[in-house]
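Written below as structure tokens is the structure these notes are about.
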Amino acid sequence: MVDGHHLGGAERAAREVATAIIAAGGRALIAAGGAAAHRVRVAGAETFAFSPEASLLNRRGNVADLIEIVEDAGVDIIHARSPDMAATGAKAAAALGAKLVTTFHQAHSSDFMGGAAKALAAGERVIAVSDSLADAVASKSLPRDRITVIPRGADMNVFAEEVVGPARTIQLADEWGLTEDTRPIVLAPGRLDASNGHEVLLKAVAELKATHDEDAFLCLIVGEGDPKYIGALEEKVLKAGLGGVVRVAGRSEDMPAALKLAAVVVSAATEPPSAGRTMIETQAMGRPVIAPAHGAMLDVVDGGVSGWLTTPGDASELAQAISEALAMDESQRAHIGMAGRGRVRARFTLDAMLNANLAIYEELAATTFRPLVA
């Protein structure tokens, strides 16, 4: 079950796990709310739309609907990926004797272990997407040994430099107007909102610009977000006099190609990332990374080996790390990239993520395999 208010990692995980269930011979039903309903469709899975509204009437209706679905389909396992959906799933599971699995995809800071978030902690199996998130959950009263860490994983058949041909990178470069631009690209991917630290990034770029020629680099900010935020960000770029070295490219439909174009990939997130999936996929592509030393980045990035870890919010430190990356030649950056790719292969593949989820389902369902992925 996924909530339309939490688009992104949770919905991607729901699609991926549903695909694995079907491939394993199981049956996957996906209950989704709001905008997620059309984005989690998977060939072979059945999708049910729930109202994302949090009114008491809608909650009761959702529980009744879910009980009917679970009973009619003979569902053994309900897997909820948001607090509201967990509250609904817990009631349905209790009514019919189904097993409840929950996943913490992020820290629900405003109501972390109170209210609806308690339902996430009430799963028979509780999953967290990183060690740092598991520690944060455990610090609020849920015993650490009740939490299974299953990190996000990169699809090594998709995020691999060798499978991204020249035609794809040329097409993307042309779309972004970079065909004639030979500057090394400092790529900053991720959702365009304040939590990703774009103000810190712009301050770092301003420091770089003061010490480097304008042909030394191009900072490309890639991602989707609220149009008002994007407009304000573009205005900040211009007011800071950074129009020549910073572009806000918006959403990319081909992130592997975008990553392949990069000399170095940067995150300036000011809030601790819960999963760090973008940096996992970046390293799978063999690109060096620069990330803030908090949250899941501490799990994902090996500072000094696969990239740089910088003090969160420290623009000068970020600028220094970018400068060091740009000063390297391609072979030096490739060496760092190979270390990152090895790290992902060892710990953060999509296959490993899916197998860990399926193992939990098989344990709970015993000889039966009819899970409901949420």
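General observations
- For Leu192, the residues whose amide H sits under 5 Å from its own are Glu224, Gly225, ignoring neighbours fewer than 5 places away on the same chain, with H placed 1.01 Å from N.
- J(HN,Hα) series, segment 231-247, from Karplus relation 6.51 cos²θ - 1.76 cosθ + 1.60, nearest Hz, glycine and proline x: x, 5, 5, 4, 5, 5, 4, 5, 5, 7, x, 10, x, x, 10, 10, 10
- Among 332-345, 72-85, 220-233, sorting by the average number of other beta carbon atoms lying within 10 angstrom of each residue, highest first, gives 72-85, 332-345, 220-233.
- Residue order, fewest to most surrounding Cβ atoms within 10 angstrom, among Trp176, Trp308: Trp176, Trp308
- Against the chain, whose longest principal axis comes from its Cα atoms, helix 83-96 is set at around 20 degrees.
- Both the radius of gyration and Dmax for segment 161-347 are 15.1, 44 Å, in that order, over alpha-carbon atoms.
- Degrees between helix 56-73 axis and first principal axis of the chain (Cα, 0 to 90, nearest 10): 70 degrees
- Model label zone, Ala216; criterion: amide N under 12 Å from point 7 Å along Cα-to-beta-carbon; scope segment 262-295: none
- Distances between placed amide hydrogens fall under 5 Å for Thr349 paired with Ala154, all partners being 5 or more residues away or on another chain.
- Dimensions in Å of the chain - Rg and Dmax from alpha carbons: 21.5, 67
- Using a cutoff of 8 angstrom between alpha carbon atoms and counting only pairs six or more residues apart, the relative contact order for the chain works out to 20 percent.
- Positive-pole candidate from His198, Leu354, Ala210, dipole of the chain, charges at beta carbon: Leu354
- Ascending count of other beta-carbon atoms within 10 Å, so fewest first, for Arg287, Arg191, Arg27, Arg347: Arg347, Arg191, Arg27, Arg287
- Proximal charge balance of Ser316 [Cβ under 15 Å; K/R count +1, D/E count -1]: -3
- Packing-based order for 204-210, 264-270, using average beta carbon neighbours within 10 Å, highest first: 264-270, 204-210
- Cα shape, segment 132-199, gyration tensor, a/c 1.5 rule: oblate
- Taken about its Cα centre, the chain carries a charge dipole of roughly 780 debye when the Cβ of each Lys and Arg holds +1 and the Cβ of each Asp and Glu holds -1.
- Lysine-lysine proximity count for the chain, Cα under 18 Å, sequence distance 8 or more or distinct chains: 10
- Acute angle (nearest 10 degrees) that the helix 198-211 long axis makes with the longest principal axis of the chain, alpha-carbon atoms: 20 degrees
- Taking amide hydrogens as placed 1.01 Å from N in the peptide plane, the amide H of Ile290 sits under 5 Å from those of Val265, Val266, Ser267, Trp308, each at least 5 positions away in sequence or on another chain.
A short reminder: the numbers here are calculations on the coordinates, not readings from a lab. Bear in mind the structure is a predicted one, so any value in this text is a computation, not a measurement. A quick note on method: Cβ atoms are made from the backbone with ideal geometry, for glycine too, and the neighbour counts reach across all protein chains shown.
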